[in-house]
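The values are calculated or read from the model by the stated rules, or taken from the named source; none is laboratory data. Fair warning: this is a prediction, and the values are worked out from it, not measured in the lab. Every residue, glycine as well, gets a Cβ built from its backbone with ideal geometry; the counts of neighbours run over all protein chains shown. These accessible areas exclude ligands, DNA and RNA; they are computed on the full protein's heavy atoms, side chains included. Shrake-Rupley method; radii C 1.70, N 1.55, O 1.52, S 1.80 Å.
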Amino acid sequence: MKLVKRIGLAILIVLVGIQFISTRSNQSSEVPSTDFILTYKVPDEVGQTLHTSCYNCHSNNTNYPWYSHVQPVGWFLENHIKKGKAELNFNEFGSYSVRKQKSKLKSMASQIEQGEMPLPSYTLLHRDARLTPESKELLVDYLNALQDSLQ
Amino acid sequence: MKTTMIMLFLALVSWGASAQHDHSSSGHSGSSHSNTAPKMKEEPRVIPSIKVKHSLLATSILDNYLALKDALVDDNSKKAASSGKMLFEALGKFDLSSQDASKQKELKEILDDAKENAEHISENGDKIDHQREHFELLGGDLKDMIVITGSDRTLYQLFCPMYNNNKGGKWLSASDKIKNPFYGSKMLKCGRVLVEISVK
């Protein structure tokens with residue numbers, strides 16, 4: 001019984017301790033000229049939807065949710081953002097080669113169409129990031145048209 | 001008796017000839033009695049051809065791409081993933097400095113895009129539809145690549161008009177026989193030859 005108490009106490013100390021190791025590194029107030037929305041003069045409605053549903057993990061600036069303060073959830077989140085940005089960073093989209101842009105646009109459209117993105121695990125806590133069938137169609141049509149227009 | 005035999009013989013011969021005629025030139029009946037004429041009409045389409053220089057630099061890339069294509073034809077996503085991984089490695093080993101300085105930038109963009117697509121294929125061994133999406137992009141990358149680097153073999157660019165919501169999808173094969181990697185066993189024969197890429 002004493003042993004159980006000690007182990008319990010040790011776990012508690014660790015859990016409290018890690019709360020002081022903050023992450024939240026993905027924040028920037030600067031929007032570079034290579035940003036997707038700036039580069040392609042994206043219509044407002046499309047731009048806003050992208051901001052709400054995609055930019056948190058696919059740009060240099062994350063609107064961190066309250067639970068990102070809770071470790072180890074925050075670490076998990078940070079790792080997640082890192083991967084998301086490596087795959088696609090809207091802030092750097094304009095610096096991609098045209099070939100890469102076209103590939104990304106095709107993948108974006110199909111991921112949205114198939115409901116793979118935004119991640120269901122993300123929309124579970126971010127209800128505002130969910131895409132309605134209408135906004136889905138709006139995005140997919142826009143992304144496909146843009147892909148076809150690029151040479 | 002003799003005349004009956006001759007008439008029967010003639011009837012048989014003419015029936016045989018007309019049957020053959022109908023078979024080989026349906027739609028052109030009465031236009032010709034020759035057996036060779038309809039045959040020529042069956043090949044009105046000339047397949048465009050482009051020529052690339054001979055080079056061994058792309059050999060391992062093409063080997064792994066074709067293995068990946070065969071895995072997708074067989075609906076084998078696990079094997080596609082392992083071929084995708086090997087393709088990723090082969091792409092990474094390509095020596096850009098072996099190429100003309102003026103072509104290096106474009107080639108690097110091609111290789112980078114191809115690597116990303118190969119990586120996605122290798123990481124999605126449980127999602128064959130996702131693998132096929134990236135495989136379609138890969139086909140475009142590698143065709144553009146061999147136009148610059150050259151090839152060690154004749155390749156065909158094949159086209160399936162139904163893929164991707166009827167936008168169509170292209171792929172490369174060493175054979176002009178259609179074996180569709182986008183649909184596999186569901187629609188193995190869908191497609192046609194778009195371009196023949198031969199080596200100078």
| field | Filtered residues of segment A:23-38 (kept if surrounded by 13 or more Cβ atoms within 10 Å (Cβ to Cβ) and among the polar types (S, T, N, Q)) | value | A:Thr23, A:Asn26, A:Thr34
| message | Just the residues that are closer than 15 Å to A:Phe36 by Cα, open to solvent by 30 Å² or more (accessible area, probe 1.4 Å) and within 14 Å of another protein chain (Cβ to nearest Cβ), please, taken from segment A:124-144. | response | A:Asn144
| note | Given (1) within 16 Å of B:Val147 (Cα to Cα); (2) modelled with pLDDT of 95 or more; (3) surrounded by fewer than 17 Cβ atoms within 10 Å (Cβ to Cβ), B:Lys51 misses just (2)
| said: Can you find a residue that is more than 13 Å from chain A (Cβ to nearest Cβ) and within 25 Å of B:Gly191 (Cα to Cα) anywhere in segment B:132-139? | reply: no
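Matching residues to (1) modelled with pLDDT under 95; (2) farther than 14 Å from B:Ile50 by Cβ; (3) touching a Leu at 6+ places or on another chain (Cβ under 8 Å):
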{"residue": "B:Met145", "(1), (2), (3)": "no, no, yes"}
{"residue": "B:Tyr156", "(1), (2), (3)": "no, no, yes"}
{"residue": "B:Pro161", "(1), (2), (3)": "yes, yes, no"}
{"residue": "B:Asn165", "(1), (2), (3)": "yes, yes, no"}
{"residue": "B:Phe182", "(1), (2), (3)": "no, yes, yes"}
| message | Quick check on this structure: which one of A:Ser53, A:Ser121 is of a type in the set (S, T, N, Q), surrounded by fewer than 20 Cβ atoms within 10 Å (Cβ to Cβ) and either modelled with pLDDT under 90 or under 23 Å from A:Thr23 (Cα atoms) (or both)? | response | A:Ser121
| message | When you scan segment B:143-155, do you find a residue that is over 27 Å from A:Gln101 (Cα atoms) and more than 15 Å from the chain's Cα centre (by Cα), even just one? | response | yes
| said: Name the residue that is surrounded by the fewest Cβ atoms within 10 Å (Cβ to Cβ), counting only residues in segment B:157-172 that are of a type in the set (A, V, I, L, M, F, W, C) and over 18 Å from B:His130 (Cβ atoms). | reply: B:Met162
| Residues (on the phi < 0 side of the Ramachandran plot and surrounded by fewer than 21 Cβ atoms within 10 Å (Cβ to Cβ)) located in segment B:144-155 | B:Asp144, B:Val147, B:Ile148, B:Asp152, B:Arg153, B:Thr154
| request: Write out, first by first residue and then by second, each pair whose Cβ atoms fall under 9 Å of each other, whose residues are 6+ apart or on separate chains, and whose first residue, in segment A:106-117, is facing chain B (nearest Cβ under 8 Å) while the second is outside any helix (DSSP H, G or I) and open to solvent by less than 30 Å² (accessible area, probe 1.4 Å). | output: A:Ser107/A:Leu88
| note | Residues of segment B:118-131 being within 11 Å of chain A (Cβ to nearest Cβ) and closer than 11 Å to B:Leu91 by Cβ, in sequence order, are B:Glu119
| field | Residue tally, condition open to solvent by less than 40 Å² (accessible area, probe 1.4 Å) and at the interface with chain A (Cβ under 9 Å from one of its Cβ atoms), over segment B:94-112 | value | 1
| message | For segment A:69-95, give me each residue that is within 13 Å of another protein chain (Cβ to nearest Cβ) and open to solvent by 30 Å² or more (accessible area, probe 1.4 Å). | response | A:Lys83, A:Ala86, A:Glu87, A:Ser95
| task | Taking the options B:Lys85, B:Lys115, B:Lys79, name whichever one is open to solvent by 40 Å² or more (accessible area, probe 1.4 Å), within 16 Å of B:Phe135 (Cβ to Cβ) and within 12 Å of another protein chain (Cβ to nearest Cβ). | result | B:Lys115
